[in-house]
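This report refers to the structure that appears directly beneath it.
The values are calculated or read from the model by the stated rules, or taken from the named source; none is laboratory data. Bear in mind that the values here come from a model prediction, so they are computed numbers and not experimental data. Every residue, glycine as well, gets a Cβ built from its backbone with ideal geometry; the counts of neighbours run over all protein chains shown.
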């Protein structure tokens with residue numbers, strides 16, 4: 001009788017540098033679980049989350065109006081590594097502008113959500129014009145524009161007035177961080193329509209909270225959700241076949 005061998009999946013311990021914001025952190029946690037393929041409690045990956053809501057605002061820092069988040073990001077990364085995390089994810093696109101200042105000090109590898117997203121866009125939509133919905137800090141940093149252009153993709157950004165509306169939808173009293181998803185969607189949809197009118201073939205939700213308000217059924221072009229991309233990359237990097 002021949003023995004039948006089956007490969008079993010287990011995972012490295014995942015650490016999430018969270019709190020930027022908390023709803024986006026919770027959404028990433030759920031997405032990672034949903035992608036794990038687990039059929040019982042014991043098959044899900046072990047995940048540590050540092051929901052560090054004291055990280056200084058990333059956009060304010062990039063715009064020269066606030067404290068650097070680098071010490072707090074490093075503290076979260078070290079806390080997670082000390083707890084036993086073996087691969088890290090950070091569900092905040094704006095915080096990725098600070099990666100050059102923290103990468104050398106990381107004891108655990110961190111999945112780069114920006115590069116993972118741009119690689120996915122280039123694969124799915126080569127030579128596309130890519131609309132970018134993001135914070136003003138992310139836009140100012142140029143991390144998406146540079147990465148897209150390096151892949152022969154054309155970035156399409158909102159104008160200044162539309163960018164203010166994006167920030168209002170994220171940070172405002174009627175925005176996502178305040179839990180007002182429906183109103184935030186009303187603010188964001190005209191911005192999406194302007195991006196499409198400007199030639200965007202696809203829109204990247206380059207702030208992890210935006211996917212809570214902007215969903216595929218409400219826009220007329222494909223959406224790329226950076227939170228989805230990060231969740232899939234974390235599962236890929238954490239998966240161990242035994």
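Quick one: is residue 104 at negative phi, surrounded by 22 or more Cβ atoms within 10 Å (Cβ to Cβ) and not assigned by TED's automatic domain parsing to the domain that holds residue 202? Break it down stepwise before answering.
On the way: at negative phi: yes; surrounded by 22 or more Cβ atoms within 10 Å (Cβ to Cβ): no; not assigned by TED's automatic domain parsing to the domain that holds residue 202: yes.
Against the criterion (at negative phi, surrounded by 22 or more Cβ atoms within 10 Å (Cβ to Cβ) and not assigned by TED's automatic domain parsing to the domain that holds residue 202), residue 104 does not qualify.
Could you check region 150-178 and list, in sequence order, the residues that are within 12 Å of residue 210 (Cα to Cα) and part of a loop (DSSP other than H, G, I, E, B)?
To start, the set of residues in region 150-178 that are within 12 Å of residue 210 (Cα to Cα) comprises 166-171, 175-177.
Scanning region 150-178 gives a single hit, 175.
Yes/no per residue for (1) free of Cβ contacts under 8 Å to residues at least 12 places away in the same chain; (2) within 18 Å of the chain's Cα centre (by Cα); (3) on the phi < 0 side of the Ramachandran plot:
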{"site": "18", "(1), (2), (3)": "no, yes, yes"}
{"site": "26", "(1), (2), (3)": "yes, yes, yes"}
{"site": "56", "(1), (2), (3)": "no, yes, yes"}
{"site": "61", "(1), (2), (3)": "no, no, yes"}
{"site": "64", "(1), (2), (3)": "yes, no, no"}
{"site": "82", "(1), (2), (3)": "yes, no, yes"}
{"site": "86", "(1), (2), (3)": "no, no, yes"}
{"site": "93", "(1), (2), (3)": "no, yes, yes"}
{"site": "112", "(1), (2), (3)": "no, yes, yes"}
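Among the residues of region 201-211, write down those that are surrounded by fewer than 23 Cβ atoms within 10 Å (Cβ to Cβ) and in a loop (DSSP other than H, G, I, E, B).
Start the filter on region 201-211 by keeping residues that are surrounded by fewer than 23 Cβ atoms within 10 Å (Cβ to Cβ), which leaves 201-202, 211.
Correct list: 201 only.
Has region 212-223 got any residue that is buried (at least 18 other Cβ atoms within 10 Å of the Cβ) and assigned to a helix (DSSP H, G or I)?
Yes, there is a match, as at least one residue in region 212-223 is buried (at least 18 other Cβ atoms within 10 Å of the Cβ) and assigned to a helix (DSSP H, G or I).
Hey, among 175, 199, which residue is in contact (Cβ under 8 Å) with a residue 60 or more places away in the chain and either assigned by TED's automatic domain parsing to the domain that holds residue 17 or more than 29 Å from residue 84 (Cα to Cα) (or both)?
Working: 175 fails: in contact (Cβ under 8 Å) with a residue 60 or more places away in the chain.
After ruling out the rest, the residue left standing is 199.
Would you call residue 237 over 12 Å from residue 166 (Cβ atoms), assigned to a helix (DSSP H, G or I) and not assigned by TED's automatic domain parsing to the domain that holds residue 95?
On the way: over 12 Å from residue 166 (Cβ atoms): yes; assigned to a helix (DSSP H, G or I): yes; not assigned by TED's automatic domain parsing to the domain that holds residue 95: no.
Judged against the criteria, residue 237 is not a match.
For residues that are buried (at least 18 other Cβ atoms within 10 Å of the Cβ) and outside any loop (DSSP other than H, G, I, E, B), tally how many sit in region 121-144. If you could, list the steps in order and put the result at the bottom.
Of region 121-144, the ones buried (at least 18 other Cβ atoms within 10 Å of the Cβ) are 121-122, 128-139, 141, 143-144.
Narrowing the set further to residues that are outside any loop (DSSP other than H, G, I, E, B) leaves 121-122, 129-133, 136-139, 141, 143-144.
Of the residues in that region, 14 qualify.
Could you list, in sequence order, all residues of region 1-20 that are modelled with pLDDT under 95 and surrounded by 14 or more Cβ atoms within 10 Å (Cβ to Cβ)?
Hit for region 1-20 is 9, nothing else.
Let me spell it out: the conditions are (1) under 21 Å from residue 150 (Cα atoms); (2) not in a helix (DSSP H, G or I), and residue 50 meets all of them except one. Which number is the exception?
(1)
Would you be able to tell me the number of residues in region 8-43 that are over 24 Å from residue 211 (Cα atoms) and touching a helix residue (DSSP H, G or I) at 6+ places or on another chain (Cβ under 7 Å)?
2
Return yes or no: is residue 137 free of Cβ contacts under 8 Å to residues at least 60 places away in the same chain and out of contact with any strand residue (DSSP E or B) (no Cβ under 8 Å at 6 or more places or on another chain)? Break it down into steps so the answer makes sense when it comes.
Values: free of Cβ contacts under 8 Å to residues at least 60 places away in the same chain: no; out of contact with any strand residue (DSSP E or B) (no Cβ under 8 Å at 6 or more places or on another chain): yes.
Against the criterion (free of Cβ contacts under 8 Å to residues at least 60 places away in the same chain and out of contact with any strand residue (DSSP E or B) (no Cβ under 8 Å at 6 or more places or on another chain)), residue 137 does not qualify.
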